[in-house]
Amino acid sequence: MKVIKTLGAVALAIGAMTLTPAHAKDLKIGVVMPMSGPFAAHGKQLQHGIDLYLAEHGDEVAGRKVKVLIKDDTGISPAVAKRQAQELLIKDKVDILAGFTLTPNAFSVAPLATEAKVPMVVLNAATSSITEKSPNIVRVSMTLPQVTAPMAQWAYDNGVRSVYTLVSDYGPGHDAEKQFQKSFTALGGKIIGEVRTPVATPDYAPYLQRIKDAKPDAVFLFVPNGEQGVALAKGFKERGLDQAGIKELATGDVTDEDVLDAMGEAAVGMITSFHYSAVHDSPENKAFTAAYAKAYPNDRPNFMAAAGYDGMHLIYEALEKTKGDAGADAFIAAAKGMQWNSPRGPVQIDPETRDIVQDVYIRKVEKVDGVLQNVEFDKIEAVKDPGKQG
């Protein structure tokens, strides 16, 4: 009952706002993301991407002054994310919600976007079903099934016949595990073991030893990007899985540019599938990475920064189409089918699912001019989210 009352209050508060013409007030974008805690790097990179876009395109769109308000959800904390979104909607009267790097937080806020009738632009959270939680959600990042299915295909095509899967025990990990196993076994491959690990475990040694003893051709890994990926990569080498001839396969968030240096030599040789690499060869990405290096010389751009940049592109282009109307119905209608050339390559918003359609690249961690990079060597074009295709 309390939840219903809260949602009703949000709806009433936003309803009062609709009496004011869209062009008569500033456009406020409320961004909920981790700015502190173990996932603070997510927020930093997203903010870099958002700020880069604003610096290049200005702080006005369709005649409306753009204001970005950022709230810290502190990490995996659905209650905090929901509270921050409620404050943005009721107190700050934002027109658009954005951010949401982690699935549990996106799930908690989705009902608010529905009740308040505001667009919700997901910049990272990657569980397939997120866009199904509200008709007002559009996602510019990826889904785990979308970047996992190509990895299973590549592995089988390159002689891998037995795999052990290790994933973090939460929504995206479950999605990655399910999709890899489904795609790999459909091709004729065999899953000889699986394990789900705590999301923030500091020690993967027992799991890796179990995998080594099982002697698969390869291990497929998914953990949240950050400290977990560093621990996993180092544990893989320390336990000698590479010396045992076990290939190391993962989704690309495990080796994102924000953590490659921390991984060091332990990352070399890891094969990943993903939608963005800082060394992706395109004019758009060269311009993006050059601008990033100039603005943030102490950081490396990663997929989060690209998502922040693309999220702002979608918002600006949708508002140009609606002539400044940020109402959910008009905004989502404008976003459906939208296409552009992102730093990651050509992308499109699927008009049926409101998810992104994009190229997925197979990459290998290599040293390029002394710097660890995710070097692309294969590509699967225009991949839709297979998690919504039965």
**OP:** Holding the Cα-Cα limit at 23 Å, pick out from 182/379; 93/388; 65/321; 28/321 the pairs that are longer than that.
**Re:** 93/388
Subject >> the stretch 38-116 - charge dipole about Cα centre, Lys and Arg +1 at Cβ, Asp and Glu -1, debye rounded to 20 >> reply: 180 debye
Subject >> Using θ = phi - 60° and Karplus 6.51 cos²θ - 1.76 cosθ + 1.60, couplings along the stretch 251-265 (whole Hz; Gly, Pro as x) >> reply: 7, x, 5, 5, 10, 5, 4, 5, 10, 4, 5, 5, 5, x, 4
Original post:
Which whole-number percentage describes the relative contact order of the chain, with Cα contacts under 8 Å and a sequence gap of 6 or more?
Top reply: 18 percent
Subject >> Inter-part distance where the stretch 288-359 and the stretch 179-215 are each reduced to a Cα centre, Å >> reply: 34 Å
Subject >> Relative packing of 143-156, 367-380, 350-363, which averages over residues the other C-beta atoms within 10 Å, highest first >> reply: 143-156, 350-363, 367-380
**OP:** For the chain, give the share of DSSP beta bridges that are antiparallel, in percent and rounded to the nearest 5; count only bridges with both residues there.
**Re:** 40 percent
**OP:** Report the relative contact order of the stretch 241-315, percent, no decimals, based on alpha-carbon pairs under 8 angstrom and at least 6 residues apart.
**Re:** 31 percent
Subject >> 4 °C / 1.567 mPa s Stokes-Einstein diffusion coefficient of the stretch 280-372, Kirkwood radius on C-alpha pairs, µm²/s >> reply: 87 µm²/s
**OP:** Enter the per residue convex hull volume of the stretch 318-363, computed from alpha-carbon coordinates, in Å³ rounded to the nearest integer.
**Re:** 78 Å³
Original post:
Put +1 on the Cβ of every Lys and Arg and -1 on every Asp and Glu Cβ in the stretch 133-185; which of 158, 138, 176 then has its Cα farthest towards the positive end of the dipole?
Top reply: 138
Original post:
Going down the list 25/91; 212/237; 44/336; 44/294, which pairs span over 18 Å between their C-alpha atoms?
Top reply: 44/336
Subject >> Hits among aspartates and glutamates - C-alpha to C-alpha of residue 384 under 16 Å, sequence gap 8 or more where chains match >> reply: 132, 175, 350, 352, 355, 359
Original post:
To the nearest 500 deg cm²/dmol, what mean residue ellipticity at 222 nm is calculated for the chain from DSSP H runs of n ≥ 4 alone, each contributing -39,500 (n - 2.57), summed and divided by the residues?
Top reply: -13500 deg cm²/dmol
**OP:** In debye, nearest 20, what is the charge dipole magnitude of the chain about its Cα centre with +1 on Lys and Arg Cβ and -1 on Asp and Glu Cβ, if you could check?
**Re:** 940 debye
**OP:** Find the eigenvalues of the gyration tensor of the Cα atoms of the stretch 232-320, then list the square roots of 5 times those eigenvalues as equivalent ellipsoid semi-axes, largest first, in whole angstrom.
**Re:** 32, 14, 10
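None of the figures in this text is laboratory data; all of them are computed from the coordinates on show. Because the structure is a prediction, the values reported are computed rather than measured. All Cβ positions, even for glycine, are placed from backbone atoms using ideal geometry, and neighbour counts span all protein chains on display.
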